[in-house]
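The values are calculated or read from the model by the stated rules, or taken from the named source; none is laboratory data. From a predicted model like this one, the values you see are computed outputs, not experimental measurements. Every residue, glycine as well, gets a Cβ built from its backbone with ideal geometry; the counts of neighbours run over all protein chains shown. In case anyone asks, the SASA skips ligands and DNA or RNA and just uses the protein heavy atoms, side chains included. Shrake-Rupley method; radii C 1.70, N 1.55, O 1.52, S 1.80 Å.
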Amino acid sequence: QVQLVESGGGLVQPGGSLRLSCAASGKIVSINVMAWYRQIPGKQRELVASISHGVGTDYSDSVKGRFTISRGNVEKTWYLQMNSLKPEDTAVYYCHADISTSSWGWGSPYWGQGTQVTVSS
């Protein structure tokens, strides 16, 4: 079974920084896309940032220049470095990946359990 485990959320003041981590484990042949989403209560889950082979990185307009997605030195891990945080960044953040568990066929989507990020003074 494939699992994604997140860490790094918490409470931070406006202008502060946080780094979220995601680690994938299980029967994984390849991770095709690594991404972060967030969700505010009552709103749809939105893509924050993604990184994939052949495409590189992509960011939502609301976080460009402030957030950075990157692969970890440890295999099957990735991060979201969040700087200059604003109150409107408050949300539950989910790591997401498209993962192939065999050497043929398409990958499947997997989600982490979510971690709360609160930006408040």
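Summary of computed values
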read-out	value
Residue ranges of strands (runs of 3 or more DSSP E) in the range 21-121 with at least 1 members among the charged types (D, E, K, R)	30-39, 46-52, 56-59, 67-71, 91-100
Those residues of the range 79-100 which are closer than 14 Å to Glu46 by Cα, more than 12 Å from the chain's Cα centre (by Cα) and open to solvent by less than 20 Å² (accessible area, probe 1.4 Å), in sequence order	Asp89, Ala91
Test: residue in the range 103-111 that is of a type in the set (Gly, Ala, Ser), open to solvent by less than 30 Å² (accessible area, probe 1.4 Å) and in contact with a Phe, Trp or Tyr (Cβ under 6 Å, 6 or more places away or on another chain)	no
Residue selected from the range 46-57 under the condition farther than 19 Å from Pro87 by Cβ and open to solvent by 60 Å² or more (accessible area, probe 1.4 Å), by the criterion modelled with the highest pLDDT	Leu47
Val5 being within 22 Å of Ser102 (Cβ to Cβ) and open to solvent by 30 Å² or more (accessible area, probe 1.4 Å)	no
Leading residue by the ranking (least open to solvent (accessible area, probe 1.4 Å)) among those in the range 64-78 that are farther than 20 Å from Ser120 by Cβ and more than 12 Å from the chain's Cα centre (by Cα)	Gly72
Criterion violated by Asp61 - all others in (1) open to solvent by 30 Å² or more (accessible area, probe 1.4 Å); (2) modelled with pLDDT of 95 or more; (3) under 11 Å from the mean Cα position of the chain (by Cα) satisfied	(3)
